[in-house]
1. Please give the helices (runs of 4 or more DSSP H) falling wholly within the range 237-318 in which 1 or more residues are touching a strand residue (DSSP E or B) at 6+ places or on another chain (Cβ under 9 Å) and of a type outside the set (Ser, Thr, Tyr).
2. Looking at the range 363-388, which of the residues that are of a type in the set (Val, Ile, Thr) and in a helix (DSSP H, G or I) is surrounded by the most Cβ atoms within 10 Å (Cβ to Cβ)?
3. Only residues in the range 276-299 that are under 16 Å from Arg409 (Cβ atoms) count as the first member; pair them with residues that are open to solvent by 50 Å² or more (accessible area, probe 1.4 Å), Cβ under 6 angstrom, at least 6 apart or cross-chain, and list the lot.
4. Picking from Ser285, Ser267, which residue would you name as being crowded, with 20+ Cβ neighbours inside 10 Å, farther than 24 Å from Gly219 by Cβ and not hydrophobic (A, V, I, L, M, F, W, C)?
5. How many residues are part of a helix (DSSP H, G or I) and in contact with a helix residue (DSSP H, G or I) (Cβ under 6 Å, 6 or more places away or on another chain) if we restrict to the range 402-432?
6. Out of all the residues in the range 211-233, which are in a helix (DSSP H, G or I) and among the aliphatic types (A, V, I, L, M)?
7. Taking the range 81-101, which residues are at pLDDT below 90 and open to solvent by less than 80 Å² (accessible area, probe 1.4 Å)?
8. Find the residue count for the range 7-56, including only residues that are at pLDDT below 85 and either among the β-branched types (Val, Ile, Thr) or in a strand (DSSP E or B) (or both).
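The values are calculated or read from the model by the stated rules, or taken from the named source; none is laboratory data. Because the structure is a prediction, the values reported are computed rather than measured. Here Cβ is always computed from backbone atoms with ideal geometry, including for glycine, and neighbour counts include all displayed protein chains. Quick note on the areas: whole protein, heavy atoms, side chains included, nothing else; ligands and nucleic acids left out. Shrake-Rupley method; radii C 1.70, N 1.55, O 1.52, S 1.80 Å.
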Amino acid sequence: MTIEPIGFLVFLLGLALVYYGSRFAITALCISTLLGAAAAFQLPALGGSSIQPSHLLLLFVTIGVLLRPRQKQAALTSLAYPGPGFWFAAYVLFSAVSAFFLPRIFAGATLVYSSARSSSGLMSIMASPLAPGSSNLTQSVYLLGDLICFAVICGFARLGHGRFIARQLIVTALVCLGFALLDIATFTIGQPDLLDFMRNANYTMHTAEVIGGFKRIVGSFPEASAYGAAALVFFSFTLILWLERFPSRFTGFATVSVGLTLILCTSTTAYVAGLFMIGVAILFSLKRLLGGQATRPYATFLLITLLMVPCVIMAVALIPSAWNAVGDLANVTLANKLESQSGEERTAWNTLALVSFVETATFGAGLGTVRASSFAAALLSNVGLTGTVLFVLFLYSLLTAARSKLASRENRAIGMAAVFASVAQIASATISGSSTDLGLLFSITAGLASGCLTAPYGQQNRMTRLQRTPASLMSTPVFPSR
């Protein structure tokens with residue numbers, strides 16, 4: 001194991017998390033999810049795998065929760081039936097079990113694309129017969145970390161920290177914007193190496209690519225699609241908070257600024273998933289407006305998306321140079337994407353992944369065995385029909401929780417924003433996700449949604465005690481003794 005310089009800093013920060021408690025831990029954990037190109041540790045024994053700072057911090061956050069009984073109990077009860085946490089835990093545990101058994105049961109039964117590392121430590125994709133590998137272990141650890149993160153954040157939200165977590169996600173959105181501006185600035189002055197201290201993971205870095213005259217924004221991530229997916233999460237989250245008039249002066253600014261970088265990032269994934277999320281937001285706004293539940297920002301949002309944006313597009317069409325630049329970018333990132341080498345490779349990954357799903361009798365090849373280019377194909381090929389059904393049940397439980405009447409108005413607004421952010425991550429991963437691991441940022445938003453849309457921890461305990469009290473004791477009058 002090799003400790004990187006950033007790893008020492010994260011280790012010291014982790015010790016501070018254990019001492020200072022939940023609020024400091026939430027802030028550090030949220031911001032650390034942005035360091036997608038960084039590595040705290042390198043593990044040569046596991047094929048050169050990198051441990052990201054966010055996962056190392058999660059270890060210290062977990063220790064801090066275990067040392068505080070009330071937080072530990074709230075986190076554990078967040079996984080109880082029939083809430084979203086129960087189905088998420090079932091999905092994760094089944095996936096971890098599949099990582100051990102299925103690659104051995106179906107060894108050699110099909111051909112799969114899997115991740116391999118060269119002697120220099122760089123990752124490459126190659127087709128080979130199905131067999132167990134180090135990625136089965138690493139993906140299981142990552143997915144179990146996602147479950148722990150979900151439980152911790154859900155527990156914090158149920159203890160009344162929902163507003164604080166929402167504010168820290170807004171701060172994280174602004175930090176994400178800052179990294180994007182740094183990326184553009186260092187590229188413009190010809191000094192992209194200045195950010196190498198946080199681009200030390202064993203990933204292929206696409207940090208200096210240009211498409212149609214536009215610099216591909218990567219921020220603190222290894223490629224534009226990863227940045228675009230993260231930016232879409234924060235845009236979706238802050239948009240709903242702004243529509244619901246969440247009390248924060250930075251919500252509107254974060255929505256507009258992150259949205260602009262989302263437009264300029266030149267990521268096909270971000271564009272397609274972003275259009276989908278805008279469509280969902282428009283339908284949601286119309287429903288709220290027709291139901292008489294909408295605030296003034298909903299009308300403003302509909303005015304911008306349905307009237308002002310088309311007018312801007314028509315105005316740009318009158319300027320030939322600007323229209324040609326936009327058209328060239330759209331052709332490269334959308335219209336001709338599948339015809340590019342990258343598009344052909346990703347199509348081949350998904351095709352072979354679906355073939356392996358059929359050739360393993362719909363059981364899947366096991367978590368971490370098959371690499372795809374779509375979250376849906378990765379689910380089917382890795383954890384099979386059973387794992388896919390469990391995840392769909394989790395998603396259904398999360399979406400139906402938004403109709404809960406147990407939450408206050410503020411918690412409902414935060415919960416709906418977190419649900420939108422979670423759906424945005426699933427939409428992005430469905431377009432270009434290579435594995436079944438949606439990451440810690442998904443666990444944070446999903447855990448926040450589940451925690452804010454269910455009964456607070458203390459209130460649920462009182463309800464449980466009342467349900468366990470015999471009806472005879474509750475109905476029998478008690479007379480004072482003479």
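1. The qualifying helices (runs of 4 or more DSSP H) are 251-264.
2. Ranking the qualifying residues of the range 363-388, first place goes to Val383.
3. That search, which allows pairs on different chains as well, returns Thr295/Arg245; Pro297/Trp242; Tyr298/Leu289.
4. Criteria check complete, one pass: Ser285.
5. 18
6. Listed by number, the residues that qualify are Ala224, Ala226, Ala229, Ala230, Ala231, Leu232, Val233.
7. Gly83, the sole residue that qualifies.
8. Of the residues in the range 7-56, 6 are at pLDDT below 85 and either among the β-branched types (Val, Ile, Thr) or in a strand (DSSP E or B) (or both).
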